[in-house]
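Trainee: First the structure, which I've put down as structure tokens, then a few questions once you've had a look.
Every read-out reported here was derived from the displayed coordinates using simple, explicitly stated rules and does not represent laboratory data. Fair warning: this is a prediction, and the values are worked out from it, not measured in the lab. In this analysis, Cβ positions are derived from the backbone assuming ideal geometry, glycine residues included, and neighbour counts consider all displayed protein chains.
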Amino acid sequence: MSVLAIVETSYVDFPSDPGLVAVALRFGIAPSALLGHGAEAWVYALDNERVLRVLHDGGKKADVLRRMALVQELALSHPVYRLPEVLDLGEVEGRTYAIERRLPGRSMMEELGRLEGAERERLIEAYLDTSAVLGDLRIPAHTGFGDLIADDSIVAPTWHEYLEERAARNLARSIPELRQVDPVGIADGLPDTGAPSFVHLDLFAGNLLTDGVRVTAVLDIGASSLAGDRRLDPIASAVYLADPHVTPTATAHDVDVALAWLRAAGLAEWFERGRRWLAAYWSFEVDDPKVIAWCSEVLLRS
């Protein structure tokens, strides 16, 4: 499952997770090899060429295989950035793992904690540029608008019907306060489209690698991926950048740069409407307090 993952890199020991420890011991991984942790998996460095992704308890090989098929289809478009590449897939004591190629670059989230000045501004613009061209990736034949590989897939005849139905379904799975949010009209004011394109939807800074100048890899293509309006990705990227719950290394000036990019692209008018719909979408992430805090702030504020 691809989600709005919050990267963590400060663990000095393995968590209390017997399945994770069993996989790590099988591959001789030390806690210090941790590269990141999101709501889908723990990721450790195996060597300079490979990483070990250990899915959380309940993660299934079938989920990884669906994602592999989708990414392989997208890769036929030969993007200038790298996409995930699974080299091996297996289980240890019932816990699913994937060995993936280690992609070039560093987490954009971490780079935003280091860069300054014009170099930083150019990286923010490269982030939005990449978000905008994701819609060029070729998607599998699709009969409507909606989820590409989600378990609870929704496919609708129009983009707005999908947006309304998905918001309603995810809010219904949320915490009690957010279940009270009326989903009717939550997508009103967002642009419509007649031709579905690829939408990543989870393109926050932690899901990009960079060399400090350009985006080198796009990560975590998964259950959030849609056939929809390609304009949603740059809008979403700016929304994620603007909230400290999601991108704690971003600054107010970063947000100004992103909003200027949206204005130049003719997308700024949909920023606030996009934020509300995205908060409704991610409201199902009840086990992630940072995400729920963000959703609550957006949807319950006066």
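Trainee: What's the FRET efficiency of residue 47 with residue 273 using the Cβ-Cβ distance as r and R₀ = 45 Å, to the nearest 0.05? All intermediate terms of the calculation are to be shown ahead of the outcome.
Mentor: Working: r = 45 Å, r/R0 = 1.01.
According to the calculation, E is roughly 0.50.
Trainee: Can you give the angle from 0 to 90° between the axis of helix 271-282 and the longest principal axis of the chain, with both taken from C-alpha atoms, to the nearest 10?
Mentor: The answer is roughly 50 degrees.
Trainee: Cα axis of helix 61-75 to longest principal axis of the chain: angle in degrees, 0 to 90, nearest 10?
Mentor: 60
Trainee: Using alpha carbons only, how many angstrom separate the centre of segment 70-133 from the centre of segment 226-249?
Mentor: One Cα centre to the other: 15 Å.
Trainee: Most exposed first by the Cβ proxy, i.e. fewest other Cβ within 10 Å, how do 109, 68 rank? Each step should come with its number before you reach the end.
Mentor: Details: 109 22, 68 17.
Ordered by Cβ neighbours within 10 Å, fewest first: 68, 109.
Trainee: Roughly speaking, what is the centre-to-centre gap between segment 157-221 and segment 18-41 when only Cα atoms are used, to the nearest Å?
Mentor: Cα centroid to Cα centroid, the span is 29 Å.
Trainee: Which angle from 0 to 90°, rounded to the nearest 10, does the C-alpha axis of helix 232-242 make with the longest principal axis of the chain?
Mentor: Compared with the principal axis, the helix lies near 70 degrees.
Trainee: Summing -39500 (n - 2.57) over the DSSP H runs of n ≥ 4 in the chain and dividing by its residue number, what mean residue ellipticity at 222 nm do you reach, to the nearest 500 deg cm²/dmol?
Mentor: Helix-only estimate at 222 nm: -11500 deg cm²/dmol.
Trainee: Further question: Let me know the Rg and Dmax you get for segment 106-300 when you use only its Cα atoms, in Å.
Mentor: Computed over the Cα atoms of segment 106-300, radius of gyration and Dmax are 16.0, 46 Å.
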